[in-house]
Amino acid sequence: MANGQQIAEQNFSAFVAWLASKTESEFRAMASRGVLSRKEIAKECGFAQSALSQNPRIKDALKAKEDALRDAGVLPPLAPKSDESGGELPLRETGRQRASVNAERLNRLELDNAALRAENEELKRKLEQYALLDEALATTGRLLR
């Protein structure tokens, strides 16, 4: 049984042989989202997909090949990373329909909030009446038990 280093070496050899056997048109066909499909590579090479990210030699060779394919125009160029966002994901713009649904929901919530505030004020006023009655009963010594 082979140890981890031997398996890594076998996977790297299989990957290098696979790279040599492919043409630019085959690479273009397996491009997905601007990079080569990791799932297809792993399946064709006969190893697990995790080997592409965990084996540093395969990882470096794949990155170099993708860069070469970008230079050749087979893969699209990478989008520049903007430092002004500070690592935050961009907010998705909502459509007109979503905006109208949000506006209706906001109006409904504001009306509900106003109604609850009015009800709260009325209940406070009624409680105040009973608080005065309770205080009067307590001072005269006739408190309910």
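The values are calculated or read from the model by the stated rules, or taken from the named source; none is laboratory data. Since the model is a prediction, treat every value here as computed from it, not as a measurement. Cβ: placed from backbone, ideal geometry, glycine included. Neighbour counts: every protein chain shown.
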Within the range 29-56, the residues that are in contact (Cβ under 8 Å) with a residue 40 or more places away in the chain and exposed (fewer than 14 other Cβ atoms within 10 Å of the Cβ) are Gly34
Checking Arg57, Arg28 in turn, the sole residue that is at pLDDT below 90, part of a helix (DSSP H, G or I) and not polar (S, T, N, Q) turns out to be Arg28
Screening Arg98, Arg145 for residues that are over 30 Å from Lys63 (Cβ atoms), modelled with pLDDT under 90 and surrounded by 10 or more Cβ atoms within 10 Å (Cβ to Cβ) leaves only Arg98
Only unsatisfied item for Ala2, checking (1) of a type outside the set (D, E, K, R); (2) farther than 20 Å from Leu78 by Cα; (3) in a helix (DSSP H, G or I), is (3)
